[in-house]
Amino acid sequence: MFEKCGNCGSRVIKGVTDDRGTFCSSACRSWFAYPDFCDRCKLASTEKSSGGTATLNGIGTMLYGSGDPCPVCSSVIKRLFFTLLYIPIIPLGKYRVKAVTPQRFLSRKIEKQAMG
């Protein structure tokens, strides 16, 4: 009980345990298992990051959604929005997002596909 997370080192009260160790969350377990975007996700996105997201009194930027989960690296597609009172107002782009810890993430911008 109260072991350290195998990924982020925080104390685990209620976590996830598997053959790789004990983790504070599924995000930490996923990052430990595959600590980057897979080749497929890298090819479908650019290196441009969403940067940090922050809100003050509900005004700022937030990521919403979790579509197209990758079976290899567990990343998902989220949309970055400018928010007002936590309500998404202006879409700012689509990003492939992978959790590093429950509070940290990496992202890669998904450019619009060319119409064929």
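The values are calculated or read from the model by the stated rules, or taken from the named source; none is laboratory data. The shown structure was predicted, so the numbers you read here are calculated from the model rather than taken from an experiment. Glycine also receives a Cβ, built like all others from the backbone with ideal geometry; neighbour counts cover every protein chain displayed.
Tabulated results
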{"quantity": "Residue in region 18-25 that is closer than 12 Å to PRO102 by Cα, free of Cβ contacts under 8 Å to residues at least 60 places away in the same chain, within 14 Å of the chain's Cα centre (by Cα) and not assigned by TED's automatic domain parsing to the domain that holds CYS70 present", "calculated": "no"}
{"quantity": "THR53 under 18 Å from SER107 (Cα atoms) and of a type outside the set (D, E, K, R)", "calculated": "yes"}
{"quantity": "Looking only at region 24-67, and only at residues there that are exposed (fewer than 12 other Cβ atoms within 10 Å of the Cβ) and in contact with a Phe, Trp or Tyr (Cβ under 7 Å, 6 or more places away or on another chain), the one that is modelled with the highest pLDDT", "calculated": "TYR64"}
{"quantity": "Conditions (1) in contact with a Ser or Thr (Cβ under 8 Å, 6 or more places away or on another chain); (2) surrounded by fewer than 19 Cβ atoms within 10 Å (Cβ to Cβ): number failed by PRO88", "calculated": "(1)"}
{"quantity": "Strands (runs of 3 or more DSSP E) wholly inside region 35-116 containing at least 1 residues that are free of Cβ contacts under 8 Å to residues at least 40 places away in the same chain and over 17 Å from the mean Cα position of the chain (by Cα)", "calculated": "59-67, 76-84, 87-101"}
{"quantity": "Matching residues, region 1-19, being in a loop (DSSP other than H, G, I, E, B) and surrounded by 14 or more Cβ atoms within 10 Å (Cβ to Cβ)", "calculated": "GLU3, CYS5, GLY6, ASN7, CYS8, SER10, VAL12, GLY15"}
